[in-house]
Amino acid sequence: MASLNQEFGIRRVYEAESRNASGVALKLSDREVDLGSKEYALYQKLAEEVPGIRSEKEIAADLGMSEPQLRRLLQAFASAGLFYRADTIPKTLSGVELHTLFNKVLPSWLNEAFSHPFWDKMMSGKGSRRLYSGWLIELYHYTRNANRHMPLSCAHTAEKKIKGMRAKHYAEEWNHYHYFLKALKALGFSGESIEGSVPLPMTLALSNFMRQAAREDIVSYSICSAVLEGTTVDRGAYNPYYETCAKLYDLPQESIAPIYAHLDLDVQYQHSDLFLDILSTIESMPAARAGRALEYGHQLIEHIWLWTDSIDKYYAIDGNSIPRPAFSQALD
């Protein structure tokens, strides 16, 4: 007998919020599903079992129900949007159709990326100028490390038109780290100390993840790039953070202005449109390729969360060097 994983798949749940005795609210990319305590326990069991290889008969027996009852339960979860039927997934889709899917999930992805307590800490006044500076230093390093992965995205692109788009993007981005250097100088750091410093390991890991994507598939790389551009299309999305931090931590406007200039330049270059421009050249792709690209996009979100966590943990400790000096044989 065929296993259930050939018929059903499990949709990603971003958060399970307890409603105490009334059950649990499951938050997906496009909806919220309320389950009672009993239903949630059944959902958890099926979420473990469906991806496996056990038969429908075995799973039904474990749950103390008949196979028709299990079938009705699976259909109810599918109707609620918690599961999906494998036969509803198209064999191929166009690049524009992939972009439509991406736009649907991007808000939930960004909510997940910025759910780290660091952001509430900074916006509530529980952070510090030191913590803000550390975040900016790592942003400088990540932006400078674009020179490690953007050329790879050009080199590993076979399609001439897409290669040209990626090369143009690189030409417009390669030196943007100087905006963050200018902001850091306004905070009192010397150019030499920043340029000679080393990033946190997770900053390097984020850059290396982009290098991996660039080598594997230009669509996967481009979806990661699109995620990073996703917060730069509207000043209303990023102004509150900088303005609030400026007031709370006595940051000079000279340390904010270069960041605004960089973000405005991204808008001027229309970098947020690049992903659609690239996908518009692809008439058809296998569903597996599109799924792999979406997987890369979500993995980037997880990297961003871990990157933020490493910044929060390192720079919150007063005894840790800021910026981090390069290894010295004499000192180390």
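Values in this text are rule-based calculations from the coordinates and carry no lab data. A quick note: this is a predicted structure, and the numbers were derived from the prediction, not measured. A quick note on method: Cβ atoms are made from the backbone with ideal geometry, for glycine too, and the neighbour counts reach across all protein chains shown.
Here are a few things to note about the model shown:
- Cα gyration tensor shape of region 4-88, rounded if a/c is under 1.5, else prolate or oblate by comparing a/b with b/c: oblate
- In order along region 51-67, phi translates into HN-Hα couplings of x, x, 10, 6, 6, 4, 4, 5, 5, 4, 4, 4, 8, x, 9, 7, 4 Hz, rounded to whole numbers, per the Karplus curve 6.51 cos²θ - 1.76 cosθ + 1.60 with θ = phi - 60° and x for Gly and Pro.
- For region 268-275, 3J(HN,Hα) per residue [Karplus equation, 6.51 cos²θ - 1.76 cosθ + 1.60, θ = phi - 60°, Hz, x = Gly/Pro]: 4, 6, 6, 5, 5, 8, 4, 4
- Calculated FRET value between Lys91 and Tyr241, using beta carbons and R₀ = 56 Å, to 0.05: 0.85
- For region 306-326 versus region 81-160, the gap between their alpha-carbon centres in whole angstrom: 22
- The alpha-carbon of Lys57 sits under 16 angstrom from the alpha-carbons of these aspartates and glutamates, leaving out residues fewer than 8 places away in its chain: Glu7, Glu48, Glu49, Glu67.
- The trypsin sites (Lys or Arg not before Pro) of region 52-149 that DSSP puts in a loop, and whose beta carbon has at most 10 other beta carbons within 10 Å, are Lys91.
- Extension gain, Leu265 to Asn111, is 53.0 nm, computed as 0.36 nm per intervening residue step minus the present C-alpha separation.
- Spin-label proximity, Lys45 to region 1-23 - amide N less than 17 Å from point 7 Å beyond Cα toward beta carbon: 4
- Distance between modelled label sites at Ala76 and Ser55, nm, 7 Å Cα→Cβ extension: 2.5
- Gyration tensor verdict on region 111-257 (Cα atoms; rounded if a/c is under 1.5, prolate if a/b is larger than b/c, oblate otherwise): prolate
- Subset of Lys27/Lys104; Lys126/Lys247; Lys38/Lys104 violating a 19 Å alpha-carbon distance limit: Lys38/Lys104
- Charged side chains reduced to their Cβ positions (Lys and Arg at +1, Asp and Glu at -1) give the chain a dipole of some 260 debye around its Cα centre.
- Spherically averaged projected area of the chain from its Cα convex hull (nm²): 20.8
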